[in-house]
Amino acid sequence: MAPLIYYKCSKCQMTRDTFEEAERCEKSHLSAVSVKELEYRYGKYPFRVALMFPDGKEREYIADDGFYMMGQASKEVKNANDKDKRNGKRNKSPR
């Protein structure tokens, strides 16, 4: 039986056949250079943030059931989103 050797990007977790491919993948991912809190709703975490990247582009992110709160799911946001969904409202993340 032959061993299986692969390399994993530490950012996106994709596996690659060579170290060089995995390293190239890791270098292709951008990290935010600044964060702007755009909106607070419920709880202590921002509901909407804008991230600025080294290439000058800015991306907005909106909390969705705690997913964008780095694992710190907020019951208040989840309950507000559930209530909005029942009332026909929907919070969308711009793409």
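The set of residues in region 1-18 being among the β-branched types (Val, Ile, Thr) and surrounded by 10 or more Cβ atoms within 10 Å (Cβ to Cβ) consists of Thr15, Thr18. Tyr42 meets the conditions (1) touching a helix residue (DSSP H, G or I) at 6+ places or on another chain (Cβ under 8 Å); (2) modelled with pLDDT of 95 or more in every case but one. The failed one is (2). Scanning region 1-55 for residues that are part of a strand (DSSP E or B) and under 14 Å from the mean Cα position of the chain (by Cα) gives Val35, Arg48, Val49, Ala50, Leu51, Met52. Give the residue that is surrounded by the fewest Cβ atoms within 10 Å (Cβ to Cβ), with candidates limited to residues of region 24-57 that are of a type outside the set (Lys, Arg) and free of Cβ contacts under 8 Å to residues at least 12 places away in the same chain. Among residues in region 24-57 that are of a type outside the set (Lys, Arg) and free of Cβ contacts under 8 Å to residues at least 12 places away in the same chain, the one surrounded by the fewest Cβ atoms within 10 Å (Cβ to Cβ) is Gly56.
The values are calculated or read from the model by the stated rules, or taken from the named source; none is laboratory data. Since the structure is predicted, the reported quantities are computational estimates derived from the model, not experimental observations. Methodologically, a virtual Cβ is constructed for each residue, glycine included, from the backbone with ideal geometry; neighbour enumeration extends over all protein chains shown.
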